[in-house]
Amino acid sequence: MTWIFENWERFWEVTGVHLRLSVVPVLIGFLLAIPFGWWASRSQRARAVLFPFANVLFTIPSIALIVITPVLIGVKILDEINVIVPLTVYTVALMIRSVADALSAVPGNVIAAANAMGFRPLRRFLTVDFPLALPVTIAGLRVATVSNISMVSVGALVGLGGYGQLFTEGYQTDHTEKVLAGLIGTVVLAVLADGLLLLIGRLLTPWARAGR
Amino acid sequence: MPGYAERVKVFGIYIQGGPIGVVVTTGGIRRVIEFRAVTKRFEDGTIAVDELDLAVEAGTITVFVGPSGCGKTTSLRMVNRMIDPTSGTILVDGKDVLTVDPPTLRRGIGYVIQQAGLFPHRTVLDNIATVPLLSGWDRRKARTRAAELLEIVGLDSNFGKRYPAQLSGGQQQRVGVARALAADPPVLLMDEPFSAVDPVVREDLQNELLRLQAELDKTIVFVTHDIDEALKLGERVAVFQTGGHLAQYARPTELLAAPANDFVASFVGRDRGYRTLTFLHADVPVHPVTTAKLGERITVADWTLVVDEQNRPKGWLSGVDGEVEVNERDLISGGSLYDGSSLRGALDAALSSPSALGVVVDDAGAVTGVVRADDVIQALAKARAAGEVPK
């Protein structure tokens, strides 16, 4: 702990990087997963293609993906994109399933009623299907966010990893306090992010707890 | 005969207001929905609806009834283009529905779905305001209208802010009806709306619908698999047979008296002779009855009806020798009560009574006398002789 207070500025800086590298992929990945998840919720065939593909993406070891990304997309090795792209891929892989399950779970007679009332497709999606899919979607988002926060550290291998930097430096200089600082940072960040999403979910879906 | 009254009323509207759009009339009946040789064949080859020809009159409740897979729901859903026909034409107010864009068509036709299908994430008031908001009303006007409808369907205004999950099944379905009525559509489609609630609540909802219809005078198409519900609600009943055939389209009394074929006869049920009585209202002689109040000392000769302070029936007393004090625990519970509704009520009161005397009550529930089964049968014979029973 003393390391954190003695090096407050440094700690704060890596926290910022860590947060950016984990949250940006969640946002992009989530937005990308919505159309794919929607497609998978409507078509058996899309499901049969997308789900196995998402599973394969998820099984690629994060180290391999992060090391290989700069080669594939050809940007400078220290560019943050090299961490953002692979983590976005993981988020998409995870969220396709969440979004698809969430949309599939919207009751059929509610959708039929919406159609019968005269909703057009886009308005129905934005004001009926999607809001009703939020509880399950947010649960998926919490998993994706926490898993991203823990995975960002692997980015230290390509010189970008938020708290991961503290792990590699601490290991190389045999500085346990530094490693511990990175660990505490990661855990605290994950818990805070998870709690924040839980809170946002509650605020957005007051109806979900309205029971008898 | 409500059906007859409706005809006259509709005829009057037609004469005074003149035809709106292309109105097809036959003898003063305005046909609001018309199926012309409508067939629906699904992709797997099954024929859901087979050459359906049927016209729904303005201001009536028309019930589509039949076993599952008979095409009644498919027929209903073709009216607002939830399903499009394979061939044939459906006219709503003289207009071919296939020429109207589905969302626009649907906003002009009320729809009540099974188990209400309310939006769980919207409050009751917002649920009711759905169609007005879709049609571009401003929010305040839509809310005001929604509050009005909440009252019309018999729900307290404090339900407005609740979510559907906080309502019982019956309350949810009332909201479903309010939502369908919000934009004041002339036509209401009801797809097995009361099938998921318990029998007591269902009866409430049915009575409520009849009350609403008396006030609002909509053209309602109601789908059910329950023949009792069909006979109770329908001014006209269309019986569908498996394979999408319309077996018979008639008034309830005609269905009971003269089923078109064996299928209709068996679907209507073995007790259709008894059910016919539901539609007959004739004077049955009311006989006086000996009554006594609790605590009174009486000499029991034969059956005595025990009543409370307001003269409401509590039970029967019989088989006691000499003078006794009327005691609650000696009472034999009574049968159903006849309130002058129909011959069926009168006969049932007599048949279900331990004394074979059906207790007749007035609107306040006070005893006015008793009826005998023989008298009901005689009243039926008289009605038949007078031509009041359809053949």
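The values are calculated or read from the model by the stated rules, or taken from the named source; none is laboratory data. Here the structure is a predicted model, which is why all the values come from computation and not from measurement. Positions of Cβ are backbone-derived with ideal geometry, glycine not excepted, and every protein chain shown enters the neighbour counts.
For the range B:79-91, which residues satisfy the criterion of being assigned to a loop (DSSP other than H, G, I, E, B), away from chain A (no Cβ under 14 Å) and buried (at least 18 other Cβ atoms within 10 Å of the Cβ)?
Matches in the range B:79-91: B:P85 only.
For B:L76, indicate whether it is assigned to a loop (DSSP other than H, G, I, E, B), in contact (Cβ under 8 Å) with a residue 40 or more places away in the chain, of a type in the set (A, V, I, L, M) and within 14 Å of another protein chain (Cβ to nearest Cβ).
So B:L76 does not fit the description; no.
Counting only residues that are surrounded by 18 or more Cβ atoms within 10 Å (Cβ to Cβ) and within 8 Å of chain B (Cβ to nearest Cβ), how many does the range A:113-133 have?
Residues in the range A:113-133 being surrounded by 18 or more Cβ atoms within 10 Å (Cβ to Cβ) and within 8 Å of chain B (Cβ to nearest Cβ): 10 in total.
Among the candidates B:R81, B:R41, which residue alone is in contact with a Leu (Cβ under 9 Å, 6 or more places away or on another chain) and assigned by TED's automatic domain parsing to the domain that holds B:D228?
The conditions single out B:R81.
Examine the range A:6-15 for a residue that is polar (S, T, N, Q) and over 16 Å from A:V89 (Cα atoms), and state whether such a residue exists.
yes
Quick check on the range B:334-391: of everything there that is surrounded by fewer than 18 Cβ atoms within 10 Å (Cβ to Cβ) and of a type in the set (D, E), which residue is modelled with the lowest pLDDT?
If we take residues in the range B:334-391 being surrounded by fewer than 18 Cβ atoms within 10 Å (Cβ to Cβ) and of a type in the set (D, E), then B:E388 is modelled with the lowest pLDDT.
So which pairs qualify, if the first residue must be in the range B:313-336 and assigned by TED's automatic domain parsing to the domain that holds B:G295 and without any contact (Cβ under 8 Å) to a residue 40 or more places away in the chain, the second must be charged (D, E, K, R) and assigned to a loop (DSSP other than H, G, I, E, B), the Cβ gap must be under 9 Å, and the two must be at least 6 apart or on different chains?
Between residues of the range B:313-336 that are assigned by TED's automatic domain parsing to the domain that holds B:G295 and without any contact (Cβ under 8 Å) to a residue 40 or more places away in the chain and residues that are charged (D, E, K, R) and assigned to a loop (DSSP other than H, G, I, E, B), the close pairs are B:K314/B:D308; B:S318/B:D302; B:E325/B:E296; B:V326/B:E296.
Could you list, ordered by first residue, the pairs with Cβ atoms under 7 Å in which the first is in the range A:3-14 and surrounded by 11 or more Cβ atoms within 10 Å (Cβ to Cβ) and the second is of a type in the set (V, I, T) and at pLDDT below 90, at least 6 apart or interchain?
Short answer, once both residue conditions are applied: A:F11/A:I4.
Filter the range A:184-212 down to the residues that are without any contact (Cβ under 8 Å) to a residue 24 or more places away in the chain, within 18 Å of the chain's Cα centre (by Cα) and within 26 Å of A:T127 (Cα to Cα) and list them by number.
A:G195, A:L196, A:L199
Restricted to the range B:234-272, and to residues that are buried (at least 16 other Cβ atoms within 10 Å of the Cβ) and charged (D, E, K, R), which residue is modelled with the lowest pLDDT?
Here the residue is B:R272.
Based on what the data block shows, is A:L87 modelled with pLDDT under 95 and closer than 21 Å to A:G29 by Cα?
When the stated conditions are applied, A:L87 passes them.
Would you check if A:T91 is under 19 Å from the mean Cα position of the chain (by Cα), farther than 30 Å from A:H175 by Cβ and assigned to a helix (DSSP H, G or I)?
Spelling it out, A:T91 is indeed under 19 Å from the mean Cα position of the chain (by Cα), farther than 30 Å from A:H175 by Cβ and assigned to a helix (DSSP H, G or I).
If a residue counts only when it is buried (at least 17 other Cβ atoms within 10 Å of the Cβ) and at the interface with another protein chain (Cβ under 8 Å from one of its Cβ atoms), which helices (runs of 4 or more DSSP H) contained entirely in the range B:92-149 have at least 3 such residues?
Hits in the range B:92-149: B:102-107, B:130-134.
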